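Structure first, commentary second.
The values are calculated or read from the model by the stated rules, or taken from the named source; none is laboratory data. Everything numeric here is computed off the predicted structure, so don't read it as measured data. As a convention, Cβ positions derive from the backbone with ideal geometry for all residues, glycine included, and neighbour counts pool all protein chains shown.
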Amino acid sequence: MTKEPLSTDATTQVRAGDTIAEFVSTSKQYGAVLAADRLSLRIRRGEFLSFLGPSGCGKTTALRMLAGFESPTDGGVLIDRKDVSKVPAYKRPVNMVFQQYALFPHMTVAQNVGYGLRQQRPRMPKAEIAAKVQKALATVRLEAFGPRRIWEMSGGQQQRVALARAIVNEPKILLLDEPMAALDAKLRSEMQHELLALQRSLGITFVLVTHDQEEALAMSDRICIMGKGRIAQVGTPQDLYDRPRSRYVADFVGKANILEAQLTRVQGDTGTATLANGIAVHPQVFAGDTAPRKAEIAIRPEVLSLAAAGAPLPEGTAALPARITHRTFLGDHTEYLLVAEGIGPLQVNVPRQAERVLGGHDVEAMVQILWPAGTGLVLAAEATTA
Amino acid sequence: MAITRRQARALLLTPAGLWYAALLLLPLAVVLIFSFGERSPIGGYAPGFTLEQYANLPSRFAAFRNTLTLAPLGTVAALLIAYPLAYFLALRVDPKWKTLLLVLVIVPFWTSILIRSYAWIFLLGGKGIPALLAQFGLEDIRLLNTPFAVLLGIVYGYLPLMVFPIYVALEKLDKRLLEAAADLGTPPWRSFLQITLPLSMPGVLTGSMLVFILLMGEFLIPSILGGGKVFFIGNAMVDLFLQSRNWAFGSAVAVALVVIMLITVAIYSRLIKRFGASRDDVGLM
Amino acid sequence: MTDDSKPISRKAFIEELRRYQKGSVTRRHFLGVTGLGTAMAVMGGSMPALLPGRARAADLGNRVVLATWPNYHDPANFDDFADKFGVYTQVNVFGSNEEMLAKIQAGGSGWDVFVPTNYAIQTYVDADLIEPLDLSKIPNYDPASFDPRFAVAGTIDGKVYAVPKNWGTTGIAFNSKKTGGVVDSWKTFFDGARDQFDGRVMVHDYQLTTIGNALVYFGHSFNSVDPSDLADAEKLLLDVKPHLYAISSDYQPAMRNGDAWLTMCWTGDGKQMHTDMPEIGFALGKEGGEIWSDYYAIPKDAPHREAAYALINFLLDPQVNAKEALAHGYPVADKRVNDLLPEELLDDPILYPAAEALAPLEFGAAVTLTDPNRAELMARFKSA
């Protein structure tokens, strides 16, 4: 096999909209379990894409189908527009960083890193391999560790060896299967920065599998949120945070209050909805939404604010009378849990700065929850995932 | 009274130490002393100091030659059969059949090797396999009482001892290493040579060592399936101690055997150091 | 039942024993593979409390240890002995005189009675391992009724150290369907092995008989330790070796299934094979060969001396001895016993060969057993 060498010149690689890999209605069935259910997704050349979801959501299956360890039971997997569904892993131009790194214990660090290069036929000259290995080790800042044994390396160092072993082959796509799971919190955030820097400098497409939403938000160009074998939503981190189409996504990415409501009117990208307590609010709607219908509205706790009962309201702001049940001071913000009349529990996060200026509120106090017009989002009608 | 860690350790090791001293070192010392003595006129041991017994070792050349060819050959043959079997059991078999198949490998051990070897006397004798071969025109094939029969017997007898260490090594092989190899461009057969085989070497070496050492001292199978014509060092020693009752010479032969074994073990530990890649794989034996 | 360091499981031992009892393994081979000199008690005597206690004589104790050859007694006789005297017999079986000697030599054998072959007795006396018997305690031993040929070896320097048990010969067993007739000479045996019987001949894994018969081939004495005689024998044996089917005392299986046509053979094995397969015959070498006789003796350090005398005396009772002979089928030298045995047994030419066939045979000599050169010759032959 040959792995087509990729130019490391990032500018020639990253072309917006250029698809490097694609799932085409790809399914994977294990006995009675449908691990991947008609996945359709285009991975763009040079992007950092994360599969995010809880365990058992199908994200690892998707990654393994891309690597070639599993073949789809239905649909196809394309890499560079070629169907590779039947191509074994060792013939695919992708490399993986495994969860526990899967480093070869009987080889030195340098031998591990050079392993992929030594597999190339026709054989790569030894000197060239050595040079590339040294360069890859330098990239992960392990240039002095080549002769070491694997078990002499710390967890973080092993992680970087695994990374070097994969990138030295200049794969078209670098697959990362929960690579940070075994690291402690501090090391993890360091590695996240390193990975991002590496991805920028190499220009290789990175596909990461993680269950850690913060990790996905921090690193990804785009995130593919999965649940129960299906893709729930694909988008940029901001997009997913600001415009989750479903309750599942809204819940998974950040915190969200979900309220039942009757959508009465749609005008452009804003709608009018009546909450259970009869108060009307003006949330955003997805294009093409129609009224009237029963709907769910998601609103982030930091979008809402609190005012003393009876205080005057700004123009266009709805007010929900509520009682504070818990107050938790969290430094940069304070988290209030409230019970809104006729609605139920809601969460409101008040920034420390706002609380300083406007004053805090005590538990058991009756307050108004302020809901500005144009905030909140009517979840998509078709979004039934989870 | 407080016991220090050091004292506690000494205390815990005392039974094992005494055991080894009494059952290993003491007999060895006796054998060593005997080997410099003489045969008493009516047999047994007579004290003395002579190198005569060692000088006589070449008279057992054939026994050493047979043992030193058939023991390694038997070890290699057992390995060649055991490895694919262990590989199949560890990596290919549906887990629900695994236990059953492993038990089947052990089942022959439930019967004495003596009885099992006798079964081979029938199978290899004139009315067994040779009679079957005669049906296909292969007349007058002699199997029993040949080196081949002995080789077959020892491979058969010691196979489980080879299968299990290899099985254990393969069983605990991290399967993701094979995925990693495939991911890095290695076709399956090559990843077997580069990953599976080297990482199962501790098992291979342990199994080979076990089988080889036992074969070096083997006497039962050669005497049963070799018809007394395929003579091992073990047979020489049995004869010297129990028939000609030349304990001094028998001890010299035993000392020579121990020396050969020590050299083998030394080579083994060298190899295990080379192949014992990760620390937890080294201590298999 | 003692369990001292057997290299073989109890189950396997019993199976081997059954095989032995069916006559397909010789006694020496049996012990070689199962026990290697480890004494095996085959009588259930470990629970003396279960034994009938009546008529127990206090001075005999309640147990006696007998070291003997396998399948060489009628177990019912031991039960009778226990009934009569309250003494149970623990039987240890052995494979060769060498092994017995080694065990007694090592000391602390715990044996009260053992069964040496004629040529071994001198060695025991020389090594001061046995002492003269007090014949007053063995009234059943009547020297006059014993054939002196089979009793003489028990008397050394005029003192009786051992009393006769049974006797037998070492001859040639042949499969007449394959050999085309009787083989009754060591000339035919050894020459045929290299010619018409190539690959079909077996010799004992036992120096006394294998070397002895090779010596007889040249007209030398069965017992010769003369270096030039032994050199002849060695040359013959080494020359024959590649043509042999096997060097083994376990010749019955190979003879029975037709792999081997010709073998050195002890009386009892010849009788057993002939009974089952009439085409297998047994003949004595006309140039000579071995005749042997087994004896009862008491080791110097016997822990139950009185019980030992009682047991020997009991077993030499003609009635008891006749039962023994019927059980094991070996000839007896006591004419009081022969008077009690059936005609067909006494007329069997295998068990009781004609006088002229016995004439050239020789008893093994003490030196034949212990000569280091013969032992070394055998070892060279086997390891060649």
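Scanning region B:82-122 for residues that are assigned to a helix (DSSP H, G or I) and of a type in the set (Ser, Thr, Tyr), we see that the one that is farthest from B:Met162 (Cα to Cα) is B:Tyr118.
Of the listed requirements (1) within 28 Å of B:Ile33 (Cβ to Cβ); (2) out of contact with any helix residue (DSSP H, G or I) (no Cβ under 8 Å at 6 or more places or on another chain), B:Glu218 misses just one: (2). Only one entry in A:Gly53, A:Gly116 is at the interface with chain B (Cβ under 9 Å from one of its Cβ atoms) and crowded, with 21+ Cβ neighbours inside 10 Å, namely A:Gly116. Contact map, region A:320-347: residues that are part of a loop (DSSP other than H, G, I, E, B) paired with residues that are among the aliphatic types (A, V, I, L, M), Cβ distance under 7 Å, separation 6+ or inter-chain. Pairs shown: A:Glu341/A:Ala322; A:Gly342/A:Ala276; A:Ile343/A:Leu259; A:Ile343/A:Leu275; A:Ile343/A:Ala276; A:Ile343/A:Leu320. Note on region C:232-248: among residues that are over 14 Å from C:Ile211 (Cα atoms) and under 25 Å from the mean Cα position of the chain (by Cα), the one that is nearest to the other protein chains (Cβ to nearest Cβ) is C:Ala246. Report whether or not A:Thr264 is under 24 Å from A:Arg247 (Cα atoms) and either part of a strand (DSSP E or B) or at pLDDT 95 or above (or both). So A:Thr264 fits the description; yes.
Which members of region B:13-57 meet the condition of being over 25 Å from the mean Cα position of the chain (by Cα), of a type in the set (A, V, I, L, M, F, W, C) and either surrounded by fewer than 10 Cβ atoms within 10 Å (Cβ to Cβ) or in a loop (DSSP other than H, G, I, E, B) (or both)? Selection gives B:Phe36, B:Ile42, B:Phe49, B:Leu51.
The residue that is nearest to the other protein chains (Cβ to nearest Cβ), counting only those in region C:117-128 that are out of contact with any Asp or Glu (no Cβ under 7 Å at 6 or more places or on another chain) and either over 24 Å from C:Gly364 (Cα atoms) or buried (at least 21 other Cβ atoms within 10 Å of the Cβ) (or both), is C:Thr123.
Of the residues contained in region C:216-231, none is found to be under 18 Å from C:Cys265 (Cβ atoms), in contact (Cβ under 8 Å) with a residue 40 or more places away in the chain, within 14 Å of another protein chain (Cβ to nearest Cβ) and not in a loop (DSSP other than H, G, I, E, B). The set of residues in region C:61-102 being over 24 Å from C:Asp269 (Cβ atoms) and modelled with pLDDT under 85 consists of C:Ala102 alone. Would you confirm whether any residue within region B:143-150 is farther than 16 Å from B:Pro84 by Cβ, surrounded by 20 or more Cβ atoms within 10 Å (Cβ to Cβ), in contact (Cβ under 8 Å) with a residue 24 or more places away in the chain and more than 10 Å from every other protein chain (Cβ to nearest Cβ)? So far as region B:143-150 goes, yes, one or more of its residues are farther than 16 Å from B:Pro84 by Cβ, surrounded by 20 or more Cβ atoms within 10 Å (Cβ to Cβ), in contact (Cβ under 8 Å) with a residue 24 or more places away in the chain and more than 10 Å from every other protein chain (Cβ to nearest Cβ).
Yes/no per residue for (1) more than 14 Å from every other protein chain (Cβ to nearest Cβ); (2) within 17 Å of B:Ser244 (Cα to Cα); (3) at pLDDT below 95:
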residue: B:Leu26; (1), (2), (3): yes, no, yes
residue: B:Val30; (1), (2), (3): no, no, yes
residue: B:Phe34; (1), (2), (3): no, yes, yes
residue: B:Ile42; (1), (2), (3): no, yes, yes
residue: B:Tyr45; (1), (2), (3): no, yes, yes
residue: B:Ala55; (1), (2), (3): no, no, yes
residue: B:Leu68; (1), (2), (3): no, no, yes
residue: B:Ala78; (1), (2), (3): yes, no, no
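Filter region A:90-103 for residues that are more than 17 Å from A:Ile20 (Cα to Cα) and of a type outside the set (Phe, Trp, Tyr) and give the result. Selection gives A:Val97, A:Gln99, A:Gln100, A:Ala102, A:Leu103. Screening A:Leu187 with (1) part of a strand (DSSP E or B); (2) surrounded by fewer than 18 Cβ atoms within 10 Å (Cβ to Cβ) gives one miss only, at (1). Of the residues in region A:207-217, at least one is β-branched (Val, Ile, Thr), assigned by TED's automatic domain parsing to the domain that holds A:Gln99 and touching a Phe, Trp or Tyr at 6+ places or on another chain (Cβ under 6 Å). Taking the conditions exactly as written (of a type in the set (A, V, I, L, M) and in a helix (DSSP H, G or I)), does C:Ile211 satisfy them or not? Yes; evaluated as a whole, the condition is true for this residue. Just checking, does region C:257-268 include any residue being assigned by TED's automatic domain parsing to the domain that holds C:Tyr206, part of a strand (DSSP E or B), buried (at least 22 other Cβ atoms within 10 Å of the Cβ) and at pLDDT below 95? Yes: region C:257-268 contains one or more residues that are assigned by TED's automatic domain parsing to the domain that holds C:Tyr206, part of a strand (DSSP E or B), buried (at least 22 other Cβ atoms within 10 Å of the Cβ) and at pLDDT below 95. Given A:Ile223, A:Ile258, which one is part of a strand (DSSP E or B), within 14 Å of A:Ala380 (Cβ to Cβ) and of a type in the set (A, V, I, L, M)? Going through A:Ile223, A:Ile258 in turn, just one is part of a strand (DSSP E or B), within 14 Å of A:Ala380 (Cβ to Cβ) and of a type in the set (A, V, I, L, M): A:Ile258. Applying the condition of being in contact (Cβ under 8 Å) with a residue 40 or more places away in the chain, outside any loop (DSSP other than H, G, I, E, B) and facing chain B (nearest Cβ under 9 Å) to region A:65-110 and asking which residue is nearest to A:Val168 (Cα to Cα) yields A:Asn95. The helices (runs of 4 or more DSSP H) found wholly in region B:161-239 and carrying at least 2 residues that are within 30 Å of A:Gly116 (Cβ to Cβ), at the interface with another protein chain (Cβ under 10 Å from one of its Cβ atoms) and more than 17 Å from the chain's Cα centre (by Cα) occupy B:175-183, B:188-191, B:197-216.
Selection within region C:339-379: residues that are more than 15 Å from C:Tyr206 (Cβ to Cβ), in a helix (DSSP H, G or I) and within 14 Å of another protein chain (Cβ to nearest Cβ). The member of this set that is nearest to the chain's Cα centre (by Cα) is C:Ala366. When C:Leu316 is tested against the conditions (1) crowded, with 23+ Cβ neighbours inside 10 Å; (2) assigned by TED's automatic domain parsing to the domain that holds C:Ser224, the lone failure is (2).
Within the group A:Ala295, A:Ala311, which residue is assigned to a strand (DSSP E or B) and of a type in the set (A, V, I, L, M, F, W, C)? After ruling out the rest, the residue left standing is A:Ala295.
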